[in-house]
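**Student:** Take this structure first; my questions come after.
The values are calculated or read from the model by the stated rules, or taken from the named source; none is laboratory data. From a predicted model like this one, the values you see are computed outputs, not experimental measurements. Using ideal geometry, Cβ is built from the backbone for each residue, glycine included, and neighbour counts are taken over all protein chains shown. These accessible areas exclude ligands, DNA and RNA; they are computed on the full protein's heavy atoms, side chains included. Shrake-Rupley method; radii C 1.70, N 1.55, O 1.52, S 1.80 Å.
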Amino acid sequence: MNTGTNMSPEAARYVIGIDVGTGSARAGLFDLSGRMLAVAKRDISLFKEAGSIVEQSSSEIWNAVCSIVREVVTSSGVNAGDVIGLGFDATCSLVVLGEGGQSLPVGPSEDANRDIIVWMDHRAVDQAERINAQGHDVLRYVGGRISPEMETPKILWLKENRPQIFRAAWQFFDLADFLTWKSTGDLARSTCTVTCKWTYLAHEQRWDPGYFRGIGLDELVDEAFARIGTDIVEPGTPLGEGLTTAAAEAMGLKPGTAVAAGMIDAHAGGIGTVGIGGRPEKNLAYVFGTSSCTMTSTSDPVFVPGVWGPYYSAMVPGMWLNEGGQSAAGAAIDQLLFFHPASADAASKASEMRIPLPVLIADAAAMRTDNNSDVVRLAEGLHVVPEFLGNRAPFADPHARATVVGLGMERDFESLVALYVAGLCGIGYGLRQIIETQAGAGADVEQVVISGGAGQHDLVRQLLADASGKPVVATVAEEPVLLGSAILGAVAGGAFGDANQAMMALTKVDKVYQPAEGVVAGIHAKRYAAFKTLQACAREIRAL
Ligand SMILES: Nc1ncnc2c1ncn2[C@@H]1O[C@H](COP(=O)(O)OP(=O)(O)O)[C@@H](O)[C@H]1O
Ligand SMILES: O=C(CO)[C@H](O)[C@H](O)COP(=O)(O)O
């Protein structure tokens, strides 16, 4: 076993990565060669309401996390004492806790269990617009425009709409930082979370008081940022005294087990993939889950309007990060399929087979052609710009909406398959548009390294390669996001010097999906042109 460490190779040592996505929490137990020995998953609730409200419960998530960690320890048969570290990643959702850590209701339901404003909640669009109108200098480091998915517009929304909750809040946490606090009692925040979602300037190691005063959050400055983070540390830094007794008991681990400062889920996917070939700057990490995230690393800052960042040291230590993607990606495919008359029948078949509906359809599409690249022909004449939840990049436009062109009278399963393929092409063209925009600004990549639940299917990977025009690389790790958070646990547990060293040692290529050439490449070029025309047309219509 090549551990890349100076510790004895024969000692059995393991790490656990915990990934809290939008729809589920997963835990993976790994050995120090990056092999996953056990995995467990629990679905988590999303509470949706009118007004773009999407909330979650931190206690539900915490209980799910404890039970899946317990499950992987038990099912792997590993000795709890041989687990040397834990790493957490989570969606960039806002957790609001009152004195003593009690949950506070963030929305009109007044249900205190609903103490999380989920990243995809767009209640703070107006606050984000007002912040953008001020044009403060920190916005240069979030792609020029703050997104309503980030935390400062959400906190401002709370102050303006639920002042009693804003006042009563003891801490505002990014979800990953909440999980590490709950595990260790340490209030440290990760550079990853606060730089990417809270306007912390990691390259200068400071908050900008002028920004907070300018947008109307003076209280946070007056309190010397005590509610949003005063101790800000690199992901992978061991926190507190490790697991508290209560957390260890709940997880079936030993008190004192090292817990790493965490990361946002997309960034853990980046750490779990971009070490491929030892050249992070050539690899675009593409994390395809409920949303999609495109993560690009550069040695010098690259300013790309409409693409979040550049963020210093927020993913690969010492490098700058540009983060794009789409707010709804897997969720956009789900939404698209939901509208089709054949989807209910197909969904019940998928549930009998215990597979997700998109997987059933992807399997069916793959069976209808000789090779996966030809699948694009099934969607002839059908075009989808799947921006159901706005355009995250490169337009940074939360008001954008989806467009579907080319629908006929068909209601059968075949037309459902065609719609799926067209939707997936739309996701791929969105990726291509981001890659082209970034290349134009000086951040060029050679290949896409894929992770996330929606990126596991062969057909999806091939279609993304064909639509984006870049090779799509799959890694040996089946769950690169979990590997990414396990890497943080391994760093905290002392098995590696830093995340750079660990990711170079543990990320390996499994398969490369080369983009199609010839006729199929020509089809995609035309479809991409159609995609951009439709996108522009939808913008024009909105402007009327
Ligand atoms: N083959 C597929 N094609 C398209 N979308 C898929 C496919 N498989 C899964 N998905 C979608 O991926 C999303 C789940 O991805 P996952 O990474 O597990 O989510 P998260 O981490 O956001 O909770 C869902 O929206 C699901 O429908
Ligand atoms: O904004 C993000 C990262 O910066 C993520 O998209 C968000 O956290 C949701 O992730 P997922 O789609 O994996 O659930």
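**Student:** In a shell of Cβ-Cβ distance under 10 Å around Thr298, excluding Thr298 itself, what net charge do Lys and Arg (+1) and Asp and Glu (-1) give?
**Tutor:** -3
**Student:** Ok, one more. Have a look at Ser343, Gly269, Cys425 and report the one farthest towards the positive end of the charge dipole of the chain, computed about the Cα centre with Cβ charges (Lys/Arg +1, Asp/Glu -1).
**Tutor:** Positive-end residue among those listed: Cys425.
**Student:** Count the DSSP beta bridges whose two residues both fall in the chain, then state the antiparallel fraction as a percent rounded to the nearest 5.
**Tutor:** Numbers: 51 of 74 bridges.
Close to 70 percent.
**Student:** Among DSSP beta bridges lying fully in segment 173-319, give the percent that are antiparallel, nearest 5. Before the final figure, lay out each step's value.
**Tutor:** Working: 6 of 9 bridges.
Close to 65 percent.
**Student:** Still on this structure, please answer the following. Putting +1 on Lys and Arg Cβ atoms and -1 on Asp and Glu Cβ atoms, find which of Val519, Gly34, Ser147 reaches farthest to the positive end of the dipole of the chain.
**Tutor:** Highest projection toward the positive end goes to Val519.
**Student:** From the backbone phi of segment 385-390, what are the Karplus-calculated ³J(HN,Hα) couplings (6.51 cos²θ - 1.76 cosθ + 1.60, θ = phi - 60°) in whole Hz, Gly and Pro given as x?
**Tutor:** 9, x, 8, 4, 10, x
**Student:** I've got another one for you. Can you list the GluC sites (Glu not before Pro) in segment 382-417 that are in a DSSP coil and have 16 or fewer other beta carbons within 10 angstrom? Could you put the intermediate results ahead of the total?
**Tutor:** Working: sites: Glu387, Glu410, Glu414; in loops: Glu387, Glu410.
Passing sites in segment 382-417 are Glu410.
**Student:** Compare the peptides 250-259, 168-177 by average per-residue count of other Cβ atoms within 10 angstrom and give them in order, highest first.
**Tutor:** Highest-to-lowest ranking by the protection proxy: 168-177, 250-259.
**Student:** Distance from the Cα centre of segment 117-168 to that of segment 317-369, in angstrom?
**Tutor:** Comparing the Cα centres of segment 117-168 and segment 317-369, I get a distance of 30 Å.
**Student:** Principal axis lengths of segment 404-544 from Cα atoms, whole Å, largest first?
**Tutor:** 60, 38, 33
**Student:** Right, something else. Pick out, from Ser24, Gln102, His399, the residue whose Cα sits farthest towards the positive end of the charge dipole of the chain, with +1 on the Cβ of Lys and Arg and -1 on the Cβ of Asp and Glu.
**Tutor:** With unit charges placed on the Cβ atoms, the residue in question is His399.
**Student:** Calculate how many DSSP beta bridges within segment 14-263 are antiparallel, expressed in % of all such bridges and rounded to the nearest 5.
**Tutor:** Restricted to segment 14-263, the bridges split so that about 70 percent are antiparallel.
**Student:** Which value, in Å², gives the accessible area per residue of segment 14-263 when a 1.4 Å probe is used on the protein heavy atoms?
**Tutor:** 33
**Student:** Here's a follow-up. Counting Lys and Arg as +1 and Asp and Glu as -1, each charge on the Cβ, what is the dipole of the chain about the Cα centre in debye, to the nearest 20?
**Tutor:** 580
**Student:** While we're here: Using the per-residue mean of other Cβ atoms lying within 10 Å as a proxy for protection, in what order, highest first, do the peptides 189-201, 490-502, 262-274 fall?
**Tutor:** Highest-to-lowest ranking by the protection proxy: 262-274, 189-201, 490-502.
**Student:** Using the Kyte-Doolittle scale, find the helices of the chain whose mean hydropathy is at least -1.0 and whose Cα atoms extend 20 Å or more along the helix's long axis, counting only whole DSSP H runs.
**Tutor:** 58-76, 413-441, 518-543
**Student:** Now for a different question. Order 103-112, 339-348 from most to least packed using the mean count of other Cβ atoms within 10 Å.
**Tutor:** Per-residue mean Cβ counts within 10 Å order the peptides as 103-112, 339-348.
**Student:** Then there's this: Calculate I(q)/I(0) for the chain by the Debye formula, one identical point scatterer on each C-alpha and no solvent, and give its log10 at q = 0.13 Å⁻¹ to two decimals.
**Tutor:** Listed by q, the Debye log ratios stand at -1.33.
**Student:** Roughly how many percent of the accessible protein surface of segment 340-445 is carbon and sulfur, given a 1.4 Å probe and a whole-percent answer?
**Tutor:** 53
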